[in-house]
Amino acid sequence: MSNYHIKHLEEYFQVYRKSVRYPEVFWEEVAEEHFLWRKKWDKVLEWDFTKPEIKWFQGAKLNITENCLDKHLYIRGDKTAILFEPNNPDEEAQHITYNQLHERVCRFANVLKSKGIQKGDRVVIYLPMIPELAVSVLACARIGAIHSVVFAGFSSTALSTRINDCQAKMVITSDGSYRGSKTIDLKGIVDEGLEDCTTVENVLVAKRINSDIDMKSGRDHWLQPLLDNAPTECAPEIMDAEDPLFILYTSGSTGRPKGMLHTTGGYMVYTAYTFKNVFQYKENDIYWCTADIGWITGHSYIVYGPLANGATTVMFEGVPSYPDYGRFWEIVQKHKITQFYTAPTAIRALAKENLDYVNKYDLSSLRVLGTVGEPINEEAWHWYNDNIGDKKCPIVDTWWQTETGGILISPVPFSTPTKPTYATLPLPGIQPALMDENGNEIKGNSVEGRLCIKFPWPSIARTIWGDHERYKNTYFSAFDNKYFTGDGALRDEVGYYRITGRVDDVIIVSGHNLGTAPIEDSINEHPAVAESAIVGFPHDIKGNALYGYVILKETGEVRDRDNLRREINQLITDHIGPIAKLDKIQFVPGLPKTRSGKIMRRILRKIASKDTSNLGDTSTLLNPEVVELIIKDAL
Ligand code: PRX
């Protein structure tokens with residue numbers, strides 16, 4: 001039996017049982033066998049969810065970049081570490097080998113040092129998906145600086161809020177970025193954001209679009225000349241396992257964004273372990289995760305997890321619709337991608353388009369498909385399975401969160417049989433529990449409840465930067481001695497988990513709990529429907545009633561709207577029961593989405609409740625214009 005690489009279902013169960021019975025022995029073996037430590041730990045785990053305090057591999061010394069770079073130089077120095085695919089398909093892809101990446105990270109780390117950055121300082125990175133983004137992340141880790149990547153689609157206000165929250169000393173950005181046929185003036189956004197910040201001493205600027213930008217003397221520096229003059233070696237800062245590695249902001253259901261703090265040793269072990277198993281990574285694979293490094297998915301499964309395994313990881317600068325809707329599949333063919341990991345929202349968007357965009361390309365290199373970020377509806381799952389995976393590639397529906405650092409529930413492909421819309425089984429070391437409203441654990445199968453985790457795993461966030469009390473209140477107060485995920489889940493008759501959505505999205509109608517995801521699944525099965533979102537609105541008798549926002553496929557065909565409404569409600573009745581029928585159905589041109597592709601239900605709830613006077617912060621929306629259109633036709 002190998003702890004590190006699970007190859008069949010029986011092995012999964014054996015490894016899982018061991019990880020629950022003897023968690024410390026299990027993680028110690030994984031950590032010992034597969035990573036480079038400058039000094040071993042004194043204690044594998046110390047934890048107390050009431051404080052809360054969690055420490056893994058205490059006393060151990062390491063640098064994560066030695067594990068992501070140096071370790072590989074001897075055996076795979078000339079292997080491609082990062083395969084960069086630019087926005088414009090006519091621009092050549094770049095194959096950056098482990099040797100080259102090591103040198104680039106070292107040079108960059110030396111530049112950071114020359115600008116006064118030291119261990120523990122915060123560096124905000126606001127870059128598009130270009131190699132400098134991964135390099136700067138690793139350069140921070142090389143010298144022990146804490147990186148905080150801010151997705152380069154966020155506004156200047158969102159950027160300055162984050163810079164101020166973590167008191168960053170430096171910002172790394174570029175002159176601009178390409179996004180499909182558009183260019184974005186990133187440096188202008190940084191300049192605007194910095195008007196409200198006092199802690200930033202230096203701004204490093206990478207050149208990407210060759211635009212004419214203002215450089216503030218003394219503060220702003222072009223990156224390339226600094227790199228050219230920097231030494232090619234930089235000794236790694238030796239870190240404690242529990243030293244901070246990065247802060248990543250995630251929005252809460254209320255209040256300011258939360259700066260989730262991840263530390264070094266446990267995060268490295270867990271992301272590497274889960275990458276290996278969830279993607280069944282093999283030495284010559286070409287792995288592609290389409291996320292942006294501005295999100296946790298990019299941190300854990302574009303940068304750290306893959307590089308710790310010596311993998312080739314693809315970074316894609318562009319968007320799925322440019323120059324046309326075949327771009328993803330063109331890249332799969334071109335680079336012979338073996339594992340492809342994306343979000344349901346992207347799958348749904350592409351499934352709406354003509355199948356010719358898929359069929360034009362040879363996708364036979366694919367072995368594993370992944371999804372993340374939201375529940376995947378049944379229709380999208382089948383479309384992905386049939387058209388992209390040709391029914392031969394297991395789909396790993398990976399459930400996790402910014403806070404969890406790595407994937408917690410997912411099939412292990414070729415071991416765990418998949419089931420549409422189910423994240424299936426917990427990975428080794430993960431002990432889920434479903435809780436009822438009174439705080440009791442619901443045991444047994446075929447049950448539904450609030451999803452908690454009972455035992456720490458190595459990559460759990462250790463705190464919210466600067467606000468440990470909020471960390472405690474948000475995650476450890478709802479249920480005694482458990483980490484509360486904020487999600488609802490059901491466990492089926494064989495123990496498979498299906499995430500039903502945020503608990504705050506659960507709508508109680510006439511005393512019945514209804515998850516939005518299964519209702520949306522039913523609606524989306526209608527052949528005329530492209531996407532939908534359900535929210536609750538106050539109802540005199542039922543307490544809440546359901547309001548559905550539905551996007552129709554653009555077929556050019558004129559349909560009778562009332563008839564469509566009846567058909568949609570019939571589908572819901574058939575799938576769930578008449579209780580879940582929608583009181584109102586509004587056909588809309590789009591849904592308000594955050595830049596990470598999540599529907600902003602808060603806004604939809606307000607519109608459904610006819611309370612549009614104060615919609616709150618809409619600055620993080622990808623498509624703010626759609627809100628006005630929805631309000632205009634609201635029912
Ligand atoms: O509600 C769950 C949903 O996304 C939330 C976490 O969002 P974030 O911190 O932005 O991280 C996303 C990438 C890991 C979860 O609480 N979610 C994530 N993955 C899934 C999911 N819901 C259903 N199925 C998933 N596979």
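For region 372-382: of the residues being buried (at least 23 other Cβ atoms within 10 Å of the Cβ) and in a loop (DSSP other than H, G, I, E, B), which is farthest from the ligand (Cβ to nearest atom)?
Ranking the candidates gives N377 first.
Quick check: anything in region 63-73 of a type in the set (S, T, N, Q), under 22 Å from L138 (Cα atoms) and in a loop (DSSP other than H, G, I, E, B)?
Yes, region 63-73 has at least one match.
Count, please, the residues in region 476-506 that happen to be more than 20 Å from V396 (Cα to Cα), in contact with a helix residue (DSSP H, G or I) (Cβ under 7 Å, 6 or more places away or on another chain) and at pLDDT below 95.
2
Of all residues in region 145-164, how many are in contact with a Lys or Arg (Cβ under 9 Å, 6 or more places away or on another chain) and over 25 Å from G318 (Cα atoms)?
Residues flagged as in contact with a Lys or Arg (Cβ under 9 Å, 6 or more places away or on another chain) and over 25 Å from G318 (Cα atoms) within region 145-164 amount to 4.
Scan region 349-371 and tell me whether some residue there is closer than 21 Å to Y496 by Cα and away from the ligand (no atom under 14 Å from the Cβ).
Yes, region 349-371 has at least one match.
I'd like the full set of residues that are among the hydroxyl-bearing types (S, T, Y) and over 24 Å from N67 (Cα atoms), limited to region 8-41.
Y12, Y16, Y22
Within 16 Å of the ligand (Cβ to nearest atom), open to solvent by 10 Å² or more (accessible area, probe 1.4 Å), modelled with pLDDT of 95 or more and of a type outside the set (A, V, I, L, M): is that true of K419 in this structure?
Judged against the criteria, K419 is a match.
Any chance you could count how many residues in region 335-373 are of a type outside the set (S, T, N, Q) and in contact with a strand residue (DSSP E or B) (Cβ under 8 Å, 6 or more places away or on another chain)?
The number of residues fulfilling the criteria is 16.
If a residue has to be open to solvent by less than 10 Å² (accessible area, probe 1.4 Å) and within 26 Å of V149 (Cα to Cα) to count, how many in region 343-359 make the cut?
Count: 2.
Which one is nearest to T463 (Cα to Cα), of the residues in region 352-393 that are in contact (Cβ under 8 Å) with a residue 40 or more places away in the chain and among the aliphatic types (A, V, I, L, M)?
Filtering first and then ranking leaves V372.
Would you be able to tell me the number of residues in region 1-33 that are open to solvent by less than 50 Å² (accessible area, probe 1.4 Å), part of a loop (DSSP other than H, G, I, E, B) and under 15 Å from T416 (Cβ atoms)?
Result for region 1-33: 2.
Starting from residues that are assigned to a helix (DSSP H, G or I) and either modelled with pLDDT under 95 or within 9 Å of the ligand (Cβ to nearest atom) (or both), keep the ones in region 383-411 and report whichever is nearest to L350 (Cα to Cα).
Only one residue fits best here, namely T402.
Taking V396 and the conditions (1) open to solvent by less than 20 Å² (accessible area, probe 1.4 Å); (2) without any contact (Cβ under 8 Å) to a residue 60 or more places away in the chain, which numbered condition does it fall short on, given that it satisfies the others?
Exception for V396: condition (2).
Working carefully through the options Y357, Y341, Y361, find the one that is part of a helix (DSSP H, G or I) and farther than 19 Å from G153 by Cβ.
Y357
In region 203-317, which strands (runs of 3 or more DSSP E) lie fully inside it and hold 2 or more residues that are buried (at least 24 other Cβ atoms within 10 Å of the Cβ)?
244-250, 258-263, 286-289, 312-316
Test N210 against the criterion of being closer than 22 Å to A93 by Cα and touching an Asp or Glu at 6+ places or on another chain (Cβ under 8 Å), and give yes or no.
So N210 fits the description; yes.
Among the numbered criteria (1) basic (K, R); (2) under 18 Å from W465 (Cα atoms); (3) assigned to a helix (DSSP H, G or I), which one does R104 miss?
Result: R104 fails condition (2) only.
Could you check, for region 508-518, whether at least one of its residues is closer than 23 Å to K610 by Cα, hydroxyl-bearing (S, T, Y), open to solvent by less than 40 Å² (accessible area, probe 1.4 Å) and at pLDDT below 90?
Yes, that holds for at least one residue.
When you scan region 109-128, do you find a residue that is under 29 Å from R327 (Cβ atoms) and β-branched (V, I, T), even just one?
Yes, region 109-128 contains at least one residue that is under 29 Å from R327 (Cβ atoms) and β-branched (V, I, T).
Residues being out of contact with any Leu (no Cβ under 7 Å at 6 or more places or on another chain), in a loop (DSSP other than H, G, I, E, B) and not small (G, A, S): count how many of those fall in region 318-338.
5
Give all pairs with beta carbons closer than 6 Å in which a residue from region 444-462 that is over 18 Å from Y497 (Cα atoms) and among the aromatic types (F, W, Y) meets a residue that is modelled with pLDDT of 95 or more and open to solvent by 10 Å² or more (accessible area, probe 1.4 Å); count only pairs at least 6 apart in sequence or on separate chains.
The qualifying pairs do not exist here.
Output yes when any residue across region 60-70 is open to solvent by 30 Å² or more (accessible area, probe 1.4 Å) and of a type outside the set (D, E, K, R), and no when none is.
So far as region 60-70 goes, no, none of its residues is open to solvent by 30 Å² or more (accessible area, probe 1.4 Å) and of a type outside the set (D, E, K, R).
Using the structure shown, decide if L36 is touching a residue at least 12 places away in the same chain (Cβ under 8 Å) and open to solvent by 10 Å² or more (accessible area, probe 1.4 Å).
Yes: the conditions hold for L36.
Identify the residue in region 121-144 that is touching a Lys or Arg at 6+ places or on another chain (Cβ under 7 Å) and assigned to a loop (DSSP other than H, G, I, E, B) and, among all such residues, is nearest to P244 (Cα to Cα).
Restricting to residues being touching a Lys or Arg at 6+ places or on another chain (Cβ under 7 Å) and assigned to a loop (DSSP other than H, G, I, E, B), the top hit is G144.
Got at least one residue in region 438-450 being under 25 Å from S596 (Cα atoms), open to solvent by less than 10 Å² (accessible area, probe 1.4 Å) and within 16 Å of the ligand (Cβ to nearest atom)?
no
The values are calculated or read from the model by the stated rules, or taken from the named source; none is laboratory data. These figures come from a predicted structure and were not determined experimentally. Don't worry about glycine lacking a Cβ; one is built from the backbone with ideal geometry, like all the others, and counts go over all protein chains shown. With ligands, DNA and RNA removed, areas are computed over all heavy atoms of the protein, side chains included. Shrake-Rupley method; radii C 1.70, N 1.55, O 1.52, S 1.80 Å.
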